[in-house]
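One structure below.
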Amino acid sequence: MKADHLIEMANQIGMFFDSLPDREEALTGIAEHIRKFWEPRMRRTLLAALDGEREQAGFTEIVLASLTKYREALAPAAA
């Protein structure tokens, strides 16, 4: 999948969790959803986009915060 599509999907997940009153719960919820339901290849592409300046601009603030905080947990295990 293309990074821009994955960023869009992550932002949609972020919109759902952003409505939670507890910010920590929202950040954790975003990361857990991506970790549980996205295949490793999708997570690798998303995290690679996080490293790129151009792509990083596409993330919403809450998604960027969640991915940064939980990056290690989201990184797929080495093959």
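Read the figures in this text as sums done on the coordinates, not as results from a lab. Computed from a predicted structure; not experimentally measured. For neighbour counting, all protein chains shown are included, and Cβ atoms are generated from backbone atoms with ideal geometry for every residue, glycine included.
Scan region 4-12 and give yes if some residue there is of a type in the set (Asp, Glu), over 14 Å from Ala75 (Cβ atoms), part of a helix (DSSP H, G or I) and out of contact with any Gly (no Cβ under 8 Å at 6 or more places or on another chain), otherwise no.
no
When you look at Ala49, is it within 13 Å of Ala73 (Cα to Cα), in a helix (DSSP H, G or I) and touching a residue at least 24 places away in the same chain (Cβ under 8 Å), yes or no? Steps first, please.
Details: within 13 Å of Ala73 (Cα to Cα): no; in a helix (DSSP H, G or I): yes; touching a residue at least 24 places away in the same chain (Cβ under 8 Å): yes.
Considered against the rule, which asks whether it is within 13 Å of Ala73 (Cα to Cα), in a helix (DSSP H, G or I) and touching a residue at least 24 places away in the same chain (Cβ under 8 Å), Ala49 comes out as no.
Would a scan of region 51-63 turn up a residue that is hydroxyl-bearing (Ser, Thr, Tyr) and surrounded by 13 or more Cβ atoms within 10 Å (Cβ to Cβ)? First the steps, then the outcome.
Step one: list which residues in region 51-63 are hydroxyl-bearing (Ser, Thr, Tyr), which gives 60.
Narrowing the set further to residues that are surrounded by 13 or more Cβ atoms within 10 Å (Cβ to Cβ) leaves 60.
Yes, the conditions are met somewhere in region 51-63.
Within region 18-46, which residues are surrounded by 14 or more Cβ atoms within 10 Å (Cβ to Cβ), farther than 14 Å from Thr68 by Cα and polar (S, T, N, Q)?
Selection gives Thr45 alone.
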